[in-house]
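A.B. asks: Below you will find the structure I want to go over with you.
The values are calculated or read from the model by the stated rules, or taken from the named source; none is laboratory data. Only a predicted model underlies this, so the values are computations on that prediction, with no experimental measurement involved. Glycine also receives a Cβ, built like all others from the backbone with ideal geometry; neighbour counts cover every protein chain displayed. Calculation scope for accessible area: heavy atoms of the full protein, side chains included, ligands and nucleic acids excluded. Shrake-Rupley method; radii C 1.70, N 1.55, O 1.52, S 1.80 Å.
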Amino acid sequence: MMASAQRSLLLTALASAVVLVLFISAGGLVRGYLSNAFEAYQSTYEIKNLSDGALKLQLDEETGIRGLAATGDPYFLQPYSEARGPLERVFDRLQLALGVPVVADALPLLADARRTSAAWHVQVAEPIVASPHGSAGRVRRYGKELMDHYRGDFAQIDVILEERNRGVTQQARDSIDRINIFLGFFVGLLTLAAVAYGAQQMSIAARSVTQERRAEEERRQRSELRAAYEAEKRIADTLQGAFTQRPLPRLETLSFSASYVPAVEDAKVGGDWYDAMALAKNRVLFAIGDVTGHGIEAAVTMNRARQSIISAALRDADPASMLTRVNLEIAMEGTRLVTAIAGIADAASYEFSYAIAGHPPPVLLEPGRRPRFLECGSVPLGAVTSPAYLTRRIQSVPGATIVLYTDGAVEHSRNVLEGEKMLLEAVAQAGEQADVDRAAFIHRKIFAGRSVGDDVAILTVGFTASNEMRALRRLERISS
Amino acid sequence: MTDGSIAVIPLSGELEIGRKAEIRSTLQLPRSAKSILIDCSDVTYADSTALAELMRFNHEADAKCVGVAILIGNPQFARLLHYAGLVHVFEVFESRAAALSYLGSRNAP
């Protein structure tokens with residue numbers, strides 16, 4: 001910006017200097033041409049005056065002589081004798097003035113006029129002066145002839161002077177025209193340049209203003225969009241975080257592990273959740289769920305579903321009844337579907353009971369057996385007004401674990417059958433590990449560091465094995 | 001796209017949230033048909049959003065007494081429908097003939 005301003009200033013100064021020089025030299029030229037023309041006029045004017053003078057003086061002489069010849073009165077001799085001296089001086093001055101090259105053609109004419117004047121003087125005037133009455137008609141006729149010749153010479157000199165005048169005028173006119181053309185061309189060029197420069201500056205200014213405005217608008221929109229998006233994500237994250245980070249129960253007879261990994265794609269802040277809550281000494285509620293869609297609304301729906309499962313569980317310990325109650329609430333809202341599993345793990349009887357609403361089936365891992373999928377298949381919450389949810393009961397054994405997960409854990413490759421195989425394998429391997437965070441282990445096994453396109457929640461609830469329980473009791477005794 | 005008074009709506013590929021608008025515009029009740037076959041024989045995957053669209057469509061059809069059958073061809077999609085309990089909500093068939101015969105008998109007075 002600075003450099004371009006400096007450059008345009010420099011250019012302007014340079015252009016001004018050039019214009020000044022051109023104007024001064026053009027002025028000099030005009031002055032030269034005009035003064036030449038003026039001088040030429042002056043000299044022509046002088047020559048004209050002189051030649052008129054020569055003509056007049058000669059005519060004065062002649063008039064005097066004719067008067068003398070006609071009347072014999074010597075009175076008429078006065079102009080004749082007064083004119084002769086000045087006429088010679090005029091002739092000399094004329095000769096000098098005609099020395100300029102342009103009018104040099106007139107010199108022979110002047111010489112001829114002088115000779116004629118002299119001849120007239122000697123052969124006409126003097127004989128008449130000598131004998132005014134005796135002058136013959138022949139002499140008078142000869143005198144008239146010489147006078148005509150004399151006049152003819154001066155007429156020709158006049159023509160030459162006229163020509164010279166015309167020439168000077170033409171020359172002056174031509175040079176002024178040339179200067180005019182030059183100046184006109186130059187001024188035109190300058191105007192054009194100025195207009196072009198102005199237009200360019202204006203278009204640059206206009207363009208930069210438009211660009212600035214557009215860029216500003218884009219920046220504003222982007223930042224608004226980002227702000228709105230970040231606000232939404234923050235709220236959703238906060239909701240999600242607050243809900244999922246509820247601590248797992250710590251019980252002697254039951255062990256828990258949980259993992260929640262949100263989608264890598266920021267826009268997919270989802271509605272996955274899990275819960276585990278002690279209802280009594282040996283009884284826990286476990287729940288997992290997923291709300292269709294993402295964002296704040298999904299998180300709010302998730303929260304509602306989650307809270308209503310807990311409050312239903314506090315009133316009624318039957319999983320199917322819990323889901324039926326929750327379904328009413330979600331169906332009334334009417335906008336989203338929620339898939340969920342609600343269940344009870346009873347460590348006194350080693351029984352898992354659960355009900356499913358459109359959710360992928362839990363996996364049961366029992367000591368010494370391959371892990372297997374439990375039964376599933378019922379509509380999501382909010383799908384129909386009176387669903388027939390079913391409580392399924394699994395009589396299990398000490399050391400058994402139920403694994404719950406959201407669809408991201410099996411649908412990551414879009415091949416759900418393949419996904420289920422991978423999940424069973426991961427659960428089997430988790431079962432072989434002692435002292436491991438099973439949920440985290442399963443997630444790691446499935447995704448092996450790959451990025452996750454959807455939220456994935458995993459919750460495990462297990463009955464403590466009898467030998468583990470004995471070890472725990474021993475530990476407690478030692479520490480107390 | 002009608003087999004007599006049975007309209008056939010084809011869906012294919014992976015039905016997911018990115019195609020929600022397309023799925024919704026495809027799943028429209030035809031004016032004249034008495035029953036509809038949703039041909040999902042080429043569907044390999046459906047996320048919860050797509051399943052929700054299918055359920056919404058089923059509701060609408062149900063409200064207007066239009067029968068709906070879903071034809072499936074892919075075991076993965078079948079598994080997803082099973083998860084969602086939709087095998088109990090929809091009439092699901094693995095053979096086109098069976099699906100058409102079901103809808104035909106339903107249309108019969």
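A.B. asks: Output the residues belonging to region A:340-387 that are acidic (D, E) and in a loop (DSSP other than H, G, I, E, B).
C.D. replies: At the first step, the residues of region A:340-387 found to be acidic (D, E) are A:346, A:351, A:366, A:375.
Once the filter is applied, which keeps residues that are acidic (D, E) and in a loop (DSSP other than H, G, I, E, B), region A:340-387 yields A:E366, A:E375.
A.B. asks: Right, something else. Within region A:303-339, how many residues are in contact (Cβ under 8 Å) with a residue 60 or more places away in the chain, open to solvent by less than 20 Å² (accessible area, probe 1.4 Å) and not in a strand (DSSP E or B)?
C.D. replies: Number satisfying all stated conditions: 6.
A.B. asks: Within region A:31-48, count every residue that is surrounded by 13 or more Cβ atoms within 10 Å (Cβ to Cβ) and not acidic (D, E).
C.D. replies: Applying the first criterion (surrounded by 13 or more Cβ atoms within 10 Å (Cβ to Cβ)) to region A:31-48 yields A:33-34, A:36-37, A:40-41, A:43-44, A:46-48.
Then keep just the ones that are not acidic (D, E); that gives A:33-34, A:36-37, A:40-41, A:43-44, A:47-48.
Selection size over region A:31-48: 10.
A.B. asks: Residue by residue through region A:283-302, note down the ones that are open to solvent by 10 Å² or more (accessible area, probe 1.4 Å) and either modelled with pLDDT under 90 or among the hydrophobic types (A, V, I, L, M, F, W, C) (or both).
C.D. replies: Of all residues in region A:283-302, those open to solvent by 10 Å² or more (accessible area, probe 1.4 Å) come to A:283, A:290, A:292-294, A:296-297, A:300.
Correct list: A:D290, A:T292, A:G293, A:H294, A:I296, A:E297, A:V300.
A.B. asks: Could you please find all residues in region A:53-75 being of a type in the set (D, E) and free of Cβ contacts under 8 Å to residues at least 60 places away in the same chain?
C.D. replies: Here is the first cut: in region A:53-75, the ones of a type in the set (D, E) are A:60-62, A:73.
Result: A:D60, A:D73.
A.B. asks: Looking only at region A:326-361, how many residues end up being over 30 Å from A:F463 (Cα atoms) and of a type outside the set (D, E, K, R)?
C.D. replies: Filtering region A:326-361 down to residues over 30 Å from A:F463 (Cα atoms) leaves A:328-337.
When the remaining residues are screened for being of a type outside the set (D, E, K, R), the result is A:328, A:330-332, A:334-335, A:337.
Within region A:326-361, residues that are over 30 Å from A:F463 (Cα atoms) and of a type outside the set (D, E, K, R) number 7.
A.B. asks: Could you list, in sequence order, the residues of region B:74-109 that are within 14 Å of chain A (Cβ to nearest Cβ) and over 21 Å from B:H59 (Cα atoms)?
C.D. replies: Filtering region B:74-109 down to residues within 14 Å of chain A (Cβ to nearest Cβ) leaves B:74-90, B:92.
The answer is B:N74, B:P75, B:Q76, B:R79.
A.B. asks: Ok, one more. Given the residues A:D112, A:D174, A:D148, which is the only one that is assigned by TED's automatic domain parsing to the domain that holds A:L55, open to solvent by less than 50 Å² (accessible area, probe 1.4 Å) and acidic (D, E)? It would help to see each step written out before you state the result.
C.D. replies: Numbers: A:D174 fails: open to solvent by less than 50 Å² (accessible area, probe 1.4 Å); A:D148 fails: open to solvent by less than 50 Å² (accessible area, probe 1.4 Å).
Checking each option against the conditions leaves just A:D112.
A.B. asks: Tally the residues that are open to solvent by 50 Å² or more (accessible area, probe 1.4 Å) and either closer than 24 Å to A:P361 by Cα or within 14 Å of another protein chain (Cβ to nearest Cβ) (or both), restricting the search to region B:43-73. Before the answer, list the steps.
C.D. replies: Going residue by residue through region B:43-73, those that are open to solvent by 50 Å² or more (accessible area, probe 1.4 Å) are B:56, B:59-60, B:62-65, B:73.
Still in the running and either closer than 24 Å to A:P361 by Cα or within 14 Å of another protein chain (Cβ to nearest Cβ) (or both): B:56, B:59-60, B:62-63, B:73.
Adding up the residues that qualify gives 6.
A.B. asks: Name every residue in region A:19-72 that is of a type in the set (A, V, I, L, M) and touching a His at 6+ places or on another chain (Cβ under 9 Å), in order of residue number. Can you show your working first?
C.D. replies: At the first step, the residues of region A:19-72 found to be of a type in the set (A, V, I, L, M) are A:19-22, A:24, A:26, A:29-30, A:34, A:37, A:40, A:47, A:50, A:54-55, A:57, A:59, A:65, A:68-70.
Of everything in region A:19-72, just one residue is of a type in the set (A, V, I, L, M) and touching a His at 6+ places or on another chain (Cβ under 9 Å), namely A:A69.
A.B. asks: Which ranges mark the helices (runs of 4 or more DSSP H) fully within region B:13-109 that have 1 or more residues being over 27 Å from A:V410 (Cα atoms) and touching a Pro at 6+ places or on another chain (Cβ under 9 Å)?
C.D. replies: Details: elements: B:20-26, B:48-63, B:75-83, B:86-89, B:96-107.
In region B:13-109, B:20-26 are the helices (runs of 4 or more DSSP H) which contain 1 or more residues that are over 27 Å from A:V410 (Cα atoms) and touching a Pro at 6+ places or on another chain (Cβ under 9 Å).
A.B. asks: If you don't mind, there's one more thing I want to ask. Give the residue that is farthest from the other protein chains (Cβ to nearest Cβ), with candidates limited to residues of region B:8-26 that are surrounded by 17 or more Cβ atoms within 10 Å (Cβ to Cβ) and in contact with a Leu (Cβ under 7 Å, 6 or more places away or on another chain).
C.D. replies: B:V8
A.B. asks: Another question, if that's okay. Can you work out which of the residues in region A:388-442 that are in a loop (DSSP other than H, G, I, E, B) and free of Cβ contacts under 8 Å to residues at least 40 places away in the same chain is surrounded by the fewest Cβ atoms within 10 Å (Cβ to Cβ)? Give the steps one after another, and end with the answer.
C.D. replies: The first filter runs over region A:388-442 and keeps only residues in a loop (DSSP other than H, G, I, E, B), leaving A:388-391, A:396-400, A:406, A:410-415, A:433-437.
Still in the list and also free of Cβ contacts under 8 Å to residues at least 40 places away in the same chain: A:388, A:413-415, A:433-436.
Values: A:A388: 11, A:S413: 15, A:R414: 15, A:N415: 18, A:Q433: 10, A:A434: 6, A:D435: 4, A:V436: 14.
By that ranking, first place goes to A:D435.
A.B. asks: Right, another one. Could you identify the single residue in A:T406, A:T401 that is of a type in the set (S, T, N, Q) and within 12 Å of another protein chain (Cβ to nearest Cβ)?
C.D. replies: Details: A:T401 fails: within 12 Å of another protein chain (Cβ to nearest Cβ).
Matching residue, one of A:T406, A:T401: A:T406.
A.B. asks: Mind telling me which of the residues A:T391, A:T385 ends up being among the hydroxyl-bearing types (S, T, Y), in contact with a helix residue (DSSP H, G or I) (Cβ under 6 Å, 6 or more places away or on another chain) and away from every other protein chain (no Cβ under 14 Å)?
C.D. replies: That would be A:T391, the only listed residue that is among the hydroxyl-bearing types (S, T, Y), in contact with a helix residue (DSSP H, G or I) (Cβ under 6 Å, 6 or more places away or on another chain) and away from every other protein chain (no Cβ under 14 Å).
A.B. asks: Looking at (1) more than 10 Å from chain B (Cβ to nearest Cβ); (2) surrounded by fewer than 17 Cβ atoms within 10 Å (Cβ to Cβ), which one does A:L365 not meet, given that it meets all the others?
C.D. replies: Failing condition for A:L365: (2).
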